[in-house]
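The block underneath contains the structure these notes are about, expressed in structure tokens.
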Amino acid sequence: MSNWYDDEIAMLESYFDEHTMSVHLIENNPPRAKRGSPGDWTLVDLSDEVLTYEDIDTLASAIIECARNDRFSFVEIEEEGAAVVQLRNLRIAIAMPPFADKYEISAIKPITKLSIEDYDLSPKLMKRLETRAEGILVSGSPGSGKSTFAAALAEFYSRQGNVVKTLEQPRDLQVSDEIVQYSPLDGSMEKAADVLLLVRPDYVVYDELRKDSDFQAYADLRSAGVGMVGVVHAGSAIDAIQRLIHGGRVELGQVPSTVDTVIHIEAGRVAKVSSLSLKVKLPTGMSSSQRDLARPVVEVRDFEQGILEYEMFTFGGERVVMPVRGESRGLTYADRARTRRGTAGESVPVSISYSKKKVTIYAGRKYARQRIEIYADGAYLFTTVIGRNGESSIRIKTKQGKALVDALEEGAVITARVA
């Protein structure tokens, strides 16, 4: 016997195909969807129909009612003006007045499930994951694929014969049945973490670290000897570490015992791995005559090359995160500048996304402040400068923005190289 909400749920599911990452339904707008893959998607209209308040209100009621009556679904959060629902394999956020100025439903469906082998990690990193890394942060920008990587890591540790659990809000990691997924207990992740200690897991995947209490629960589990994988929004590996120490969440001297490895994800791939260790030394730049200034220093190194990139220490009562030029030390300024540049003509891997207002070209921080040329099917379009955050944003109404969007919609292959 069918229920009243079945047709509404079927309509929502019809918006998805195998390439759809998420569907966005907003009052007084047509239904839209993000189609593609992490770091390489486009926002498209699904129809010319404009959704009314009543359309979205009816669908929202159907979603919540279905979740309450479906064994494999649940209402995660329900407050005045907002709700978060796990509807089978759909994670759904509902916003309405007074929380939002319009009624909105955002439904996210995982389209990719990968194993750790799919990431083609180096033997050196695989060995670290197997034998040493027990405090891991997986960082990345929204939609970069960091949760997909964390799920692959959870299954990797499970296959190694470990007891693996997850802490999530909402529970949407795509993991196998032997991994039990936990959410806040009585609204508290700290209470859930206390229960997890009694379960005695070998590894816990915490998706994701947002508030002070999340970082504290992560640190408490790690200090109890549990292997931890934390997922955190950050634009770079060092930004993820900065979030860890922000506001004294973790004492500086305890950082390497809490997090020893940071894996940064960009466009669904591992873009950067950093390792952390603690040493007592003079911070770089201080002369040997200042030996009395030796102190505990957290070293952040590029894992694959072993190059020292940052030092973290306290000075004058303040926490200092100091960039270190690694192998470039001792070179002239001009030499250092040359080591930072890419070679003219070098191919640059880029991903592109666009909205109604702008088109964004993401090249990664390796190419920060570099001029790169953009091509469509081998034909030159324009030259742009990559910002410090590793991306270049261009207004869609400009000549360059329109040319790039037109090329994308025509299915052209977009390439880039250093100017």
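Has region 92-99 got at least one residue that is open to solvent by 10 Å² or more (accessible area, probe 1.4 Å) and either of a type in the set (S, T, N, Q) or more than 30 Å from Glu65 (Cβ to Cβ) (or both)? Within region 92-99, not a single residue is open to solvent by 10 Å² or more (accessible area, probe 1.4 Å) and either of a type in the set (S, T, N, Q) or more than 30 Å from Glu65 (Cβ to Cβ) (or both).
Within region 204-233, residues that are polar (S, T, N, Q) have Cβ atoms under 9 Å from residues that are open to solvent by 60 Å² or more (accessible area, probe 1.4 Å) and part of a helix (DSSP H, G or I) in these pairs: Ser213/Glu190; Gln216/Glu190; Ser223/Gln254; Ser223/Ser257, counting only partners at least 6 apart in sequence or on another chain.
Among the residues of region 100-121, those that are of a type in the set (Ser, Thr, Tyr) and surrounded by 13 or more Cβ atoms within 10 Å (Cβ to Cβ) comprise Tyr103, Ser106, Thr112, Tyr119.
In region 210-227, the residue that is nearest to the chain's Cα centre (by Cα) out of those that are assigned to a loop (DSSP other than H, G, I, E, B) and farther than 20 Å from Tyr157 by Cα is Arg210. Within region 237-294, being open to solvent by 40 Å² or more (accessible area, probe 1.4 Å), over 23 Å from Glu117 (Cβ atoms), hydrophobic (A, V, I, L, M, F, W, C) and touching a residue at least 24 places away in the same chain (Cβ under 8 Å) holds for one residue alone: Leu278. Restricting Ser61, Ser22 to residues that are under 23 Å from the mean Cα position of the chain (by Cα) and outside any loop (DSSP other than H, G, I, E, B) narrows the list to Ser22. Tell me yes or no: at least one residue of region 200-210 is open to solvent by 10 Å² or more (accessible area, probe 1.4 Å), of a type outside the set (Asp, Glu) and under 23 Å from Met21 (Cβ atoms). Yes, the conditions are met somewhere in region 200-210. Of note, Thr284 satisfies the criterion of being more than 22 Å from Ser139 (Cβ to Cβ) and assigned to a loop (DSSP other than H, G, I, E, B).
Taken across region 16-25, residues that are under 15 Å from Thr58 (Cα atoms), of a type in the set (D, E, K, R) and open to solvent by less than 60 Å² (accessible area, probe 1.4 Å) do not occur at all.
Going residue by residue through region 139-161, is there one that turns out to be outside any helix (DSSP H, G or I), closer than 17 Å to Ala224 by Cβ and open to solvent by less than 70 Å² (accessible area, probe 1.4 Å)? The answer is no, given that none of the residues of region 139-161 is outside any helix (DSSP H, G or I), closer than 17 Å to Ala224 by Cβ and open to solvent by less than 70 Å² (accessible area, probe 1.4 Å).
Condition (residue is open to solvent by 50 Å² or more (accessible area, probe 1.4 Å) and either without any contact (Cβ under 8 Å) to a residue 24 or more places away in the chain or under 17 Å from Val270 (Cα atoms) (or both)) applied to region 81-88: is it met by at least one residue? Within region 81-88, one or more residues are open to solvent by 50 Å² or more (accessible area, probe 1.4 Å) and either without any contact (Cβ under 8 Å) to a residue 24 or more places away in the chain or under 17 Å from Val270 (Cα atoms) (or both). Going residue by residue through region 238-257, is there one that turns out to be of a type outside the set (A, V, I, L, M, F, W, C), part of a loop (DSSP other than H, G, I, E, B), under 23 Å from Tyr157 (Cα atoms) and in contact with a strand residue (DSSP E or B) (Cβ under 6 Å, 6 or more places away or on another chain)? There is no residue in region 238-257 that is of a type outside the set (A, V, I, L, M, F, W, C), part of a loop (DSSP other than H, G, I, E, B), under 23 Å from Tyr157 (Cα atoms) and in contact with a strand residue (DSSP E or B) (Cβ under 6 Å, 6 or more places away or on another chain). Every listed requirement among (1) open to solvent by less than 50 Å² (accessible area, probe 1.4 Å); (2) in contact (Cβ under 8 Å) with a residue 60 or more places away in the chain; (3) not aromatic (Phe, Trp, Tyr) is met by Val175 save one, (2). Against the numbered list (1) part of a strand (DSSP E or B); (2) modelled with pLDDT under 90; (3) not small (Gly, Ala, Ser), Met1 comes up short only at (1).
When Leu129 is tested against (1) within 16 Å of the chain's Cα centre (by Cα); (2) open to solvent by less than 10 Å² (accessible area, probe 1.4 Å), just one condition goes unmet, and that condition is (1). Which one is farthest from Ala271 (Cα to Cα) among residues in region 372-390 that are touching a strand residue (DSSP E or B) at 6+ places or on another chain (Cβ under 7 Å) and loosely packed, with under 14 Cβ neighbours inside 10 Å? Going through the qualifying residues, I end up with Tyr380.
Do you know which residues across region 29-50 are of a type in the set (Lys, Arg) and open to solvent by less than 50 Å² (accessible area, probe 1.4 Å)?
Arg32
Whenever a residue of region 9-33 is closer than 21 Å to Ile64 by Cα and without any contact (Cβ under 8 Å) to a residue 24 or more places away in the chain, its partners that are of a type in the set (S, T, N, Q) and surrounded by fewer than 19 Cβ atoms within 10 Å (Cβ to Cβ), lying with C-beta atoms within less than 9 angstrom and at least six residues away or across chains, give the pairs Pro31/Ser47.
The values are calculated or read from the model by the stated rules, or taken from the named source; none is laboratory data. Since this is a predicted model, take the numbers as computed values, not measurements. Reconstructed Cβ throughout: ideal geometry from the backbone, glycine too, with neighbour counts over all protein chains shown. Heavy atoms of the whole protein, side chains included, go into the accessibility calculation; ligands, DNA and RNA do not. Shrake-Rupley method; radii C 1.70, N 1.55, O 1.52, S 1.80 Å.
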